[in-house]
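Laboratory data are not the source of any read-out in this text; all were calculated from the coordinates shown. Bear in mind that the values here come from a model prediction, so they are computed numbers and not experimental data. Note: ideal-geometry Cβ built from the backbone for every residue, glycine included; neighbour counts use all protein chains shown.
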Amino acid sequence: MYYQIIRELRSTEEKDYISYGVAVFDENDEPKAVVCDITPTYEAALRFLRLCERNRVSPVHLKDAAEDYIISEEYFSEGR
């Protein structure tokens, strides 16, 4: 299992923006879970990816982990 940052171009009525998320792949390179639009910064997405790696977050819990990360102090304390 491995994690990868995903980058997307998103749009609102007011503007287009770049958003980052994280995907989890199995040993056959098949995506098992994807959480999009976690953050507008690559750095925050990378911090989340590293937390996932360190804690071996399962695909089933990726969305919950992303939600916890977004509201965590670490997300906001790192120059966000």
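Dipole size in debye (nearest 20) for the chain around its Cα centre, Lys and Arg Cβ +1, Asp and Glu Cβ -1?
Working: 10 positive and 17 negative charges, 33 e Å.
Approximately 160 debye in magnitude.
From the phi angles alone, apply the Karplus equation (6.51, -1.76, 1.60; θ = phi - 60°) to region 36-50 and give each ³J(HN,Hα) in whole Hz, x where the residue is Gly or Pro.
Calculated HN-Hα couplings, in order: 9, 6, 7, 7, x, 10, 4, 4, 5, 5, 5, 4, 5, 4, 5 Hz.
How would you classify the chain from its alpha-carbon gyration tensor, with a ≥ b ≥ c the square roots of the eigenvalues: rounded for a/c under 1.5, else prolate if a/b is greater than b/c, otherwise oblate?
Values: a/c = 2.12, a/b = 1.30, b/c = 1.63.
It comes out oblate by the Cα gyration axes.
Using only Cα atoms and rounding to the nearest 10 degrees, what angle (0 to 90) does helix 62-71 make with the longest principal axis of the chain?
40 degrees
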